[in-house]
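Each remark here refers to the structure printed beneath this line.
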Amino acid sequence: MIKIGDRIPSVKLKHMTAEGIKDITTDEIFKGKKVVLFALPGAFTPTCSAKHLPGFVQKASEIKGKGVDTIACLSVNDAFVMNAWGKDQKVEDKVLMLADGNGDFTRAIELEMDGSGYGLGKRSRRYAMVVQDGVVKTLNVENPGAFEVSSAEAILKTL
């Protein structure tokens, strides 16, 4: 599993733009920037929609006020779903909604979980990290079913 001090692997993700779905590399996201990346098991799922994403939307200006260039939300969902969820949650430009549709990034950092028993297939574990110029500075990984260390409030305390 990725750990503090490790470099973010070079992987292509997808995101929705005004021109449609576009590739975005982890190098584009992290190089020369301070980024808060949080990931969750799935768009439109209960804890993710009621607490995790809304917390980062509500605290976006406070987080960015601590020198963060980008707040990014990642899920093993497609870009259409991530875009629809962002609209539903009124994310606007506060959080970059990233689709790891095939789970490539999630597998590369070894934070994949098997939600097959719930009909979810392979998904991301719930976590949040602070990354400075591509290097992990903070990594808060939740225990299965928990929502304690990866919230916007928990990340704010580390900034």
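Taken together, the values in this text are just the output of simple stated rules run on the coordinates, not laboratory data. All figures in this text were calculated on a predicted structure; none of them were measured in a lab. Neighbour counts run over all protein chains shown; Cβ positions are idealised from the backbone, glycine included.
Neighbours of Gln89, meaning other residues whose beta-carbon lies under 14 angstrom from its beta-carbon, give a summed charge of +2 when Lys and Arg score +1 and Asp and Glu score -1.
Applying 1/(1 + (r/R0)^6) with R0 = 30 Å to the Cβ-Cβ distance of Lys12 and Asp114, what FRET efficiency is obtained, to the nearest 0.05? If you can, show how the numbers build up before the last one.
Values: r = 23 Å, r/R0 = 0.78.
Computed FRET efficiency for Lys12 and Asp114 comes out at 0.80.
On a 29 Å Cα-Cα criterion, which of the cross-link pairs Lys31/Lys94; Lys3/Lys90; Lys3/Lys87; Lys64/Lys122; Lys22/Lys157 come out too long? Before the final figure, lay out the partial values.
Working: Lys31/Lys94 19 Å; Lys3/Lys90 32 Å; Lys3/Lys87 32 Å; Lys64/Lys122 31 Å; Lys22/Lys157 33 Å.
Listed pairs above 29 Å: Lys3/Lys90; Lys3/Lys87; Lys64/Lys122; Lys22/Lys157.
For the stretch 49-129, GluC sites (Glu not before Pro) meeting the loop criterion (DSSP other than H, G, I, E, B) and having at most 12 other Cβ atoms within 10 Å: Glu92, Glu110. Looking at the chain, the pairs of alpha carbons with a distance over 29 Å make up 7% of the total.
Among Asp100, Asp88, a tally of other beta-carbon atoms within 10 Å of each Cβ gives an order, fewest to most, of Asp88, Asp100. Ordered by the count of other Cβ atoms within 10 Å of each Cβ, fewest first, Val57, Val95 give Val57, Val95.
Once C-alpha pairs closer than 8 Å and six or more residues apart are averaged by separation and normalised to the residue number of the stretch 22-119, the relative contact order reads 27 percent. Treating each Cα of the stretch 60-110 as an identical point scatterer and ignoring solvent, apply the Debye formula and state log10 I(q)/I(0) at q = 0.14 Å⁻¹. Debye curve over Cα of the stretch 60-110, log10 I(q)/I(0) at q = 0.14 Å⁻¹: -0.41.
When the Kirkwood radius is taken over all Cα pairs of the stretch 31-85, what Stokes-Einstein diffusion coefficient follows at 20 °C and 1.002 mPa s, in µm²/s? Don't skip to the answer; put the middle values down first.
Details: Rh = 11.9 Å.
Translational D for this selection: 179 µm²/s.
Would you compute, from DSSP H runs of 4+ residues alone, the mean residue ellipticity of the chain at 222 nm, taking -39500 (n - 2.57) per run and dividing by the full residue count, rounded to the nearest 500?
Values: 6 runs with 38 residues, N = 159.
So the helix-based figure for the chain works out to -5500 deg cm²/dmol.
Return Arg126, Arg107, Arg7 ranked ascending by Cβ neighbour count within 10 Å, so the fewest neighbours appear first. Kindly include the intermediate steps, with their values, before the conclusion.
Details: Arg126 26, Arg107 16, Arg7 13.
Fewest to most other Cβ atoms nearby, the residues stand as Arg7, Arg107, Arg126.
Determine the distance separating the Cα centre of the stretch 11-61 from the Cα centre of the stretch 134-159; give it in Å without decimals. Taking the Cα centre of each part, the stretch 11-61 and the stretch 134-159 sit 15 Å apart.
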